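Encoded as structure tokens, the structure appears first; notes follow it.
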Amino acid sequence: MTQSSACESSDFNINKLASNYSNKKNTLEKNTSIEMDKMSQELISSIKVSKENQIDAVNNRFPCCVVWTPLPIITWFLPFIGHMGICYTNGVIRDFAGPYFVSEDRMGFGIPTRYWRLSVDKIPFVQNKRETWDRAVKEASEEYKKRMHNLFCDNCHSHVAYALNLMNYDNSSSWNMVKLCFLMLIKGSFVNFGGFMKTWLPFMLIIGTITLIKSSFF
């Protein structure tokens, strides 16, 4: 092989190595860019979902929550009994407020004083859990628009139980008014101090008055 041919072969190998390096570099940069875009989209999506899941008591938005508010007179004497509703994943409240009427975005007996936060992750056997939640709440609301309100047998608690049974929440289809009443009492959180006072102050005043009258006469 002549010196000229050897130089040409050496130049060819160098150019080939440079080309391979350049191609690999471009491929790596492209893959990195794709991965970065994917991570960025996932982060934005995560932030969006997180924001959607935030409770906004000022605007009465309680995503994926069961909400509760006192009933006039009844709650004064029995503080664990009140009016209940269930919210869409965007926080809008639906509640069975009277015969053939399910209100939306405005509870029939005032703004919520307590809420019990649930999780769409407890809906089994489905991929789109948020959609399943919303569909169940909507279907339950449409069903209860056809029903007569009964304070003891088929009421606002029954409407919430119906929605939870439709979505098979927590792998259970045995939700009922008694169970919800008890769980709201032990797991529910007050929206604020005002909500606590609105729930318990009338009862405490009644008990205080009865105690005062009893001590005065006996």
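The values are calculated or read from the model by the stated rules, or taken from the named source; none is laboratory data. Keep in mind that this is a model prediction, so the values were computed, not measured. Virtual Cβ from ideal backbone geometry, glycine too; neighbours counted across all protein chains shown. Calculation scope for accessible area: heavy atoms of the full protein, side chains included, ligands and nucleic acids excluded. Shrake-Rupley method; radii C 1.70, N 1.55, O 1.52, S 1.80 Å.
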The set of residues whose placed amide H lies less than 5 Å from the amide H of ARG114, leaving out same-chain residues fewer than 5 positions away, is TRP68, VAL191
What ranking of CYS65, CYS153 comes out by heavy-atom accessible area, probe 1.4 Å, highest first? CYS153, CYS65
Under a point-charge model restricted to the Cβ atoms of Lys and Arg (+1) and Asp and Glu (-1), what is the dipole moment magnitude of segment 95-173 relative to its Cα centre, in debye to the nearest 20? 100
Restricting to DSSP loop positions (anything but H, G, I, E, B) with no more than 12 other Cβ atoms inside 10 Å of their own Cβ, which chymotrypsin sites (Phe, Trp or Tyr not before Pro) remain in segment 113-159? PHE125, PHE152
Provide the gained length on full extension for the span ASP56 to SER216, in nm with one decimal, where the gain is 0.36 nm per separating residue minus the Cα-Cα distance. 52.9 nm
Viscosity 1.567 mPa s, temperature 4 °C, Stokes-Einstein D of segment 50-116 from Kirkwood C-alpha radius, µm²/s: 107
Over segment 87-142, give the accessible area per residue in Å² for a 1.4 Å probe, as an integer. 51
Once Lys and Arg get +1 and Asp and Glu get -1 on their Cβ, which of MET184, MET167, LEU151 lies farthest toward the positive end of the dipole of segment 66-218? MET184
From the protein chains alone at 1.4 Å, what is the descending order of accessible area for ARG61, ARG135, largest first? ARG135, ARG61
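Work out, step by step, the length gained on full extension between GLU142 and CYS181: first 0.36 nm times the residue separation, then minus their alpha carbon distance; give nm to one decimal.
11.8 nm
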